[in-house]
Amino acid sequence: MSTPRPTRRTVLRGATALGASLPFVRTGPLRDRLQLAAVGVANRGAANIAGVLSHDVVALSDVDSNMLARGVGQVERAEQPTPRTYADWRELLDREKDLDGIVVSTPDHTHAAVARAALRRGLPVYCEKPLTRTVAECRELQALARKAKVPTQMGTQIHSGDNYRRVVEAIRAGAIGDVHTVHVICSKTWSNGRFGEEKPSAPEGLDWDLWLGPTPERAYSEGIHPASWRKFWAFGSGTVGDMACHWVDLVHWALDLGVPKTIEAEGPEIHPDGTPEWLHVRWGHPAEGERGAVDVHWWDGGMKPEFAPKSDCHVFLGTRGRIVSTYGSMEVELADPDALWTPPEPSIASSPGHHAEWLQAIQWGNADDPLCRFDYAAPLTETVLLATVAYRAGGKLTWDAATGTPSSGAEFLEEEERDGWNV
């Protein structure tokens with residue numbers, strides 16, 4: 001029989017009795033409705049606001065006043081009071097003293113700055129993927145989250161779907177024996193960003209300096225905001241940065257992978273401004289415990305191995321066969337035509353929803369509840385971003401995870417921030 005969820009009355013009684021033993025400190029009683037803020041309100045921001053509107057969204061921040069107005073309308077249509085608005089998220093954090101959590105949906109180059117400042121203030125953070133734009137930022141956020149002991153969640157929403165759970169269970173039950181190789185194929189491409197002609201000013205409503213955030217000052221040029229910044233090294237990390245946190249997530253979960261030891265990446269000629277049209281990456285994970293060594297391959301931009309049955313899928317190769325999976329499907333193909341496979345009984349509980357995991361963790365005071373908390377999400381993002389480091393460093397590197405040291409490409413692990421953004 002399932003264990004009943006504690007009532008709020010039970011939780012409050014427990015909180016009063018246990019006091020300081022809670023994973024993080026609240027200044028008042030646990031609330032039925034949390035007070036939340038959102039930084040970045042368009043596109044993924046709008047989806048994430050929708051995901052938390054079961055609670056009160058009391059403050060919004062966006063550098064584009066036109067988008068900010070649409071965000072206000074979204075909250076008002078949910079029959080909530082008009083949220084307070086800020087162009088600069090730093091001002092929001094300075095003024096909003098009663099927040100229970102913050103949702104970060106800005107472009108990648110400002111993820112770390114916002115999340116870092118929130119964690120330093122003891123605020124739970126929901127942050128879109130990839131968690132950060134650089135490897136150094138990943139490691140910093142993981143350390144800050146551990147110190148803050150507050151609920152965190154990276155926005156890899158597919159992690160909360162039931163199909164991923166069934167694939168994990170099948171792999172762990174030995175459906176295809178020992179997995180030694182996985183191919184992850186994504187047809188999408190974010191590529192070939194090129195800085196255009198400098199403009200004397202940004203479009204009306206856009207504060208370009210705030211949009212740049214911690215990145216170096218540069219003049220406004222078209223073709224970046226609002227939808228194409230992923231194509232530029234200065235602001236994103238191309239297709240692998242956008243999509244691998246979704247697709248490779250399943251591989252890390254099923255095989256309990258950490259960061260790789262070796263990384264190889266091939267693609268078209270490197271351009272200093274823009275991300276590549278396609279990439280093929282190999283992450284080499286050494287044997288650990290009872291698991292043997294695993295090679296994980298990433299293919300994007302229309303590239304895929306000849307044996308792949310389709311694009312946008314995982315192909316797990318094991319000693320007894322293979323599993324082909326997508327976001328919503330799984331096919332088990334055994335090498336022995338006479339062999340039978342019966343799916344194991346489901347053992348991983350269904351998620352209440354990706355945003356709900358985070359919200360409930362705040363309410364119940366348990367930082368370990370969200371499955372994509374930063375302790376899991378940071379190593380996954382680090383793995384993904386090491387692909388871009390290897391590509392830009394010449395194609396191959398070894399990685400010392402204990403010291404955070406690569407055999408080459410150290411200059412791509414972090415970037416200097418402008419003054420005033422490390423708050």
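The values are calculated or read from the model by the stated rules, or taken from the named source; none is laboratory data. Given the structure is predicted, the values throughout are model-derived calculations rather than measurements. So basically every Cβ, Gly included, is an ideal-geometry build from the backbone, and we count neighbours across all protein chains shown. Surface accessibility is based on the protein's heavy atoms, side chains included, excluding ligands, DNA and RNA. Shrake-Rupley method; radii C 1.70, N 1.55, O 1.52, S 1.80 Å.
Structure summary
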| read-out | value |
| --- | --- |
| Identity of the residue in region 51-82, small (Gly, Ala, Ser) and open to solvent by less than 60 Å² (accessible area, probe 1.4 Å), that ends up nearest to Gln363 (Cα to Cα) | Gly51 |
| Residue check for Leu34: touching a Pro at 6+ places or on another chain (Cβ under 7 Å) and open to solvent by less than 20 Å² (accessible area, probe 1.4 Å) | no |
| Candidates Glu217, Glu269, filtered to the one that is closer than 25 Å to Ser105 by Cα and open to solvent by 30 Å² or more (accessible area, probe 1.4 Å) | Glu217 |
| Selection within region 189-200 - of a type outside the set (Phe, Trp, Tyr) and open to solvent by less than 80 Å² (accessible area, probe 1.4 Å) | Thr189, Ser191, Asn192, Gly193, Gly196, Lys199 |
| Inter-residue pairs, beta-carbon under 7 Å, first more than 18 Å from Leu257 (Cα to Cα) and in region 379-406, second of a type in the set (Ser, Thr, Tyr) and open to solvent by less than 30 Å² (accessible area, probe 1.4 Å), 6+ apart | Thr388/Ser237 |
| Selection count, region 123-146, where residues are charged (D, E, K, R) and either closer than 30 Å to Gly318 by Cα or free of Cβ contacts under 8 Å to residues at least 24 places away in the same chain (or both) | 1 |
| Selection from region 267-322 of residues that are of a type in the set (Ser, Thr, Tyr) and more than 21 Å from the chain's Cα centre (by Cα) | Ser311, Thr319 |
| Entirely in region 281-365, the strands (runs of 3 or more DSSP E) that have 1 or more residues that are closer than 30 Å to Thr189 by Cα and open to solvent by 60 Å² or more (accessible area, probe 1.4 Å) | 330-334 |
| Test set (1) touching a helix residue (DSSP H, G or I) at 6+ places or on another chain (Cβ under 8 Å); (2) modelled with pLDDT under 95 - Met330 fails condition number | (2) |
| Pairs where the first residue, in region 245-263, is under 19 Å from Leu317 (Cα atoms) and the second is in a loop (DSSP other than H, G, I, E, B) and among the acidic types (Asp, Glu), C-beta under 9 Å, 6+ apart | Trp247/Asp312 |
| Residue satisfying all of: in region 212-231; hydrophobic (A, V, I, L, M, F, W, C) and either in a helix (DSSP H, G or I) or in contact with a strand residue (DSSP E or B) (Cβ under 6 Å, 6 or more places away or on another chain) (or both); nearest to Trp298 (Cα to Cα) among these | Trp229 |
| Residues satisfying the stated conditions in region 283-299, i.e. in contact with a helix residue (DSSP H, G or I) (Cβ under 9 Å, 6 or more places away or on another chain) and within 16 Å of Gly395 (Cβ to Cβ) | Trp283, Trp298 |
| Cβ pairs under 7 Å, 6+ apart, first in region 52-76 and on the phi < 0 side of the Ramachandran plot, second exposed (fewer than 15 other Cβ atoms within 10 Å of the Cβ) and of a type in the set (S, T, N, Q) | Val72/Thr82; Glu76/Thr82 |
| Search result, residues across region 333-359 that are modelled with pLDDT under 95 and either among the aromatic types (Phe, Trp, Tyr) or closer than 30 Å to Asp56 by Cα (or both) | Trp341 |
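Okay, residues lined up against (1) in a loop (DSSP other than H, G, I, E, B); (2) out of contact with any Pro (no Cβ under 9 Å at 6 or more places or on another chain); (3) open to solvent by 20 Å² or more (accessible area, probe 1.4 Å):
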residue: Pro379; (1), (2), (3): no, yes, yes
residue: Val384; (1), (2), (3): no, no, no
residue: Ala390; (1), (2), (3): no, no, no
residue: Leu397; (1), (2), (3): no, no, no
residue: Ser408; (1), (2), (3): yes, yes, yes
residue: Glu416; (1), (2), (3): yes, no, yes
residue: Gly420; (1), (2), (3): yes, no, yes
